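So the structure is just underneath, and the comments pick up after that.
The values are calculated or read from the model by the stated rules, or taken from the named source; none is laboratory data. On a predicted model such as this, the values are computed, not experimentally measured, just so you know. All Cβ positions, glycine included, derive from the backbone under ideal geometry; neighbour counts span all protein chains shown. In case anyone asks, the SASA skips ligands and DNA or RNA and just uses the protein heavy atoms, side chains included. Shrake-Rupley method; radii C 1.70, N 1.55, O 1.52, S 1.80 Å.
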Amino acid sequence: MNSNPEPAIVHWRDDGTPASPRYGDIYRSAGTGLDQARHVFLRGCGLLADGHAPADWAGRPVWQLLENGFGLGLNFLAAWRAWLDDPQRPARLFYSAVEAHPPEAADILRSAAPFPELHPLAEQLAAQWRGLLPGLHRIALAGGAVQLTLAVGDARALLPELTGRFDSVFLDGFDPQKNPAMWSADVLRAIARLCRPGARAATWCVAGEVRERLAACGFDVARVPGLPPKRHALAARYAPRHLPRRRARPGEVLPLATAPGRCAIVGAGLAGASLAYALAARGWQVTVLGEGHEPADGASALPAGVFAPHVSPDDRPLSRLTRAGCAATLARARALLRDGIDFAESGVLERHAPGERRRPEGWNTTKSIAASALSTGTSGLFRSHIGLPDDDTHPALWHASAGWMRPAALVRALLAAPGIRFVGGARVARVAAHGSGWQVLDEAGQVLAEAALVALAAGFGTRALLEASFPGQAQGWPLHALRGQVAFGPVPDDAAALPPFPVNGHGHLIAAGSTWVAGATFERGNAQPATSAADHAANRLRLTELLPRAAALLAPQWDDGRAQAWTGVRCTVPDRLPAVGPAFASNQAPAPAGQAPAAIENEAPWVLTGLSSRGLTLAVLAGEIAAAWASGEPLPVERSLAHALRASRWNKPSP
């Protein structure tokens, strides 16, 4: 047992003041937090209408706000409230914040309790406040119009991982004497690099060294009246004499030069529908071209599938990406689908044979289990349903924020969003540049669609489209076919004998409403979706090894033909990460820090492919990453993680 447990993140004093035992400082005085948020931060950054003068964000399509020191979230809730109350508010609010020690959801609710106007907002935030491991987390609120990006960890490490051009900055760390790292020159320089020229910053802290460091970073700094009993607060505006040039990363994705207009997407599965939805939410008019007469006619026609995070001992990029992907998928499903019919956040049990998979760090620690929403699935409910032995020879992971979904239902719901038009029966042969945009052509050269932006999301078929459209440039794209077959049938009357959650590992079983699904096979290099009797038998054997009791219950369906086979072709890439963004790297250099990124001309088609068997886990997130890149918005994941997904990593820069 640890003899030196970490102190509680928040200690509530008898008078209602929240304090930090770690730093020996208070978050705010009792009952004054909302007044300070409005006076110091919102008014200091010009975000409250003053008399006849509108707030700075009035009429803007997007406003980006950065906070160093999220604390109990009161500044965020106050900004969200001000946004809601302003009839001239921007259409979308991006709020990015750094916090090394996120509190419990109960602390957020208690902090907002004295302020009735914040209660409904705090409840919505607390409902999504979970699984906050170190790294970036995106929380969508107000129907997606408010996007909170929470960076959990040390500000010095995470500020360079944030993206965006921020219009407002809230500096709200603990006292510089108690937590000097939050006010260091390195941290303030990193913040300055994320600001656009003219951005306004505000803080309660008027310490001389803080003013000097802000001035050295290019801010014009002034002391302004504070909230009594404090005499002063600080207001600043970013106006550097020289903008530092940001270090370029090879193949960096830059925003599009064109404003949202017409977009054509080839592919009407999870990838194409997710990208279409994300772009339409940003004002694009999207045409989705599918080969079949109905959407989701390829691999996305799977009867039901699992979405769950990947676990690795070293928390590699795929693991971090799938955690963020599950959160994005769940948020989209809650907004668009019918719980219990189209999807269920049932949790997923992942089990492996002894020694088959290394356990993640912290497996046996209570803190790791609570923080990561993982636990050893070795107790009552799991063992009784799946027949695990009483010892620990068959370890299992329980993924709480995971479940099952019908992919076709999600595709149809995504394509039903305003601004999206589906065109079926489109036999696309290639795409070609035309003027400042693109044409989508069939084999006869007939134009199927014209658009300012074209994206290829046709799974394994993306490779053939790229090779036909760019014969000298797209050769060697390492997209590979991966044929997979599952078995499915009706859930029997005595369904209580089946696990009420998907079981995943070497094979899987899903009891999705009235249908069960088991599988799956993996056949590399086969792009033909024909079913196989041998694979059907292999799936039966796989289920027997995974869950003997369930296999025995379903055995009659294999014998009498009720257990049917379904086959689809997935698309993989060698590094197991999706391919997202422009197909070919741009030759343009990034802009100096603080300036608008050097928007690129539409040099190449965009792609979204390579989701492998993780389409349900990754498609929604990948669509959001692509749309954020195209729009120059803050990314929902770390800059370095998004950089690893660039489709152009497989190609040399375009000539």
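Descriptive notes on the structure:
- Within the accessible area of the chain (1.4 Å probe), percent carbon and sulfur: 51 percent
- Segment 1-102 - percent relative contact order, Cα under 8 Å, separation 6 or more: 23 percent
- Environment charge at Thr329 (Cβ cut-off 13 Å; Lys +1, Arg +1, Asp -1, Glu -1): +3
- The residues neighbouring Val206, those whose beta-carbon lies less than 11 Å from its own, together hold a net charge of +3 under the Lys/Arg +1, Asp/Glu -1 convention.
- Modelled FRET efficiency - R0 60 Å, Phe522 with Arg241, Cβ distances, 0.05 increments: 0.55
- Acute angle (nearest 10 degrees) that the helix 317-336 long axis makes with the longest principal axis of the chain, alpha-carbon atoms: 90 degrees
- Where a label projected 7 Å from the Cα of Asp14 along Cα→Cβ would reach, residues of segment 21-45 with amide N under 16 Å: 30
- Segment 56-206, relative contact order [Cα under 8 Å, separation at least 6], %: 26 percent
- Residues with amide H under 5 Å from that of Gly226, placed H, sequence gap 5 or more: His232, Ala233
- Selection of chymotrypsin sites (Phe, Trp or Tyr not before Pro), segment 450-527, meeting DSSP coil and at most 16 other Cβ within 10 Å: Phe522
- Ordered by solvent-accessible area of protein heavy atoms (1.4 Å probe), largest first, the residues Arg60, Arg110, Arg483 come out as Arg110, Arg60, Arg483.
- If you wrap the Cα atoms of segment 158-201 in a convex hull and average its projected area over all directions, you get 3.1 nm².
- More than 18 Å apart - percent of Cα-Cα pairs taken over segment 441-558: 63 percent
- Computed E for Ala145/Ala496 - FRET, C-beta separation, R0 56 angstrom, nearest 0.05: 0.85
- Available extension along the chain between Ala259 and Asp339 is 25.2 nm, counting 0.36 nm per residue and deducting the alpha carbon span.
- With protein chains left intact and a 1.4 Å probe, residues in the chain average 41 Å² of accessible area per residue.
- Calculated FRET efficiency, Ala537 to Arg576, Cβ-Cβ distance, R0 = 25 Å: about 0.30 to the nearest 0.05.
- Stretch gain in nm, segment His434-Asp297, where the contour uses 0.36 nm per residue and the Cα spacing is subtracted: 46.4 nm
- Relative packing of 315-322, 7-14, which averages over residues the other C-beta atoms within 10 Å, highest first: 315-322, 7-14
- Stretching the chain fully between Ala113 and Ala49 yields a gain of 20.5 nm (0.36 nm per residue, less the alpha carbon separation).
- In the assembled protein chains, Asp297 presents an accessible area of approximately 90 Å² (probe radius 1.4 Å).
- The mean sequence distance of close C-alpha pairs (under 8 Å, at least 6 residues apart), as a share of the length of the chain, puts its relative contact order at 15 percent.
- Local net charge near Asp35, Cβ-Cβ under 15 Å (Lys/Arg +1, Asp/Glu -1): +3
- Phi-based couplings in Hz for segment 101-111 (Karplus 6.51, -1.76, 1.60; Gly and Pro marked x): 10, x, x, 7, 4, 4, 5, 4, 5, 5, 5
- Computed label-point distance, nm, for sites Ile26 and Ala644 using a 7 Å Cα→Cβ extension: 4.4 nm
- Highest mean packing comes first when the peptides 206-216, 61-71, 535-545 are listed by Cβ atoms within 10 Å, giving 61-71, 535-545, 206-216.
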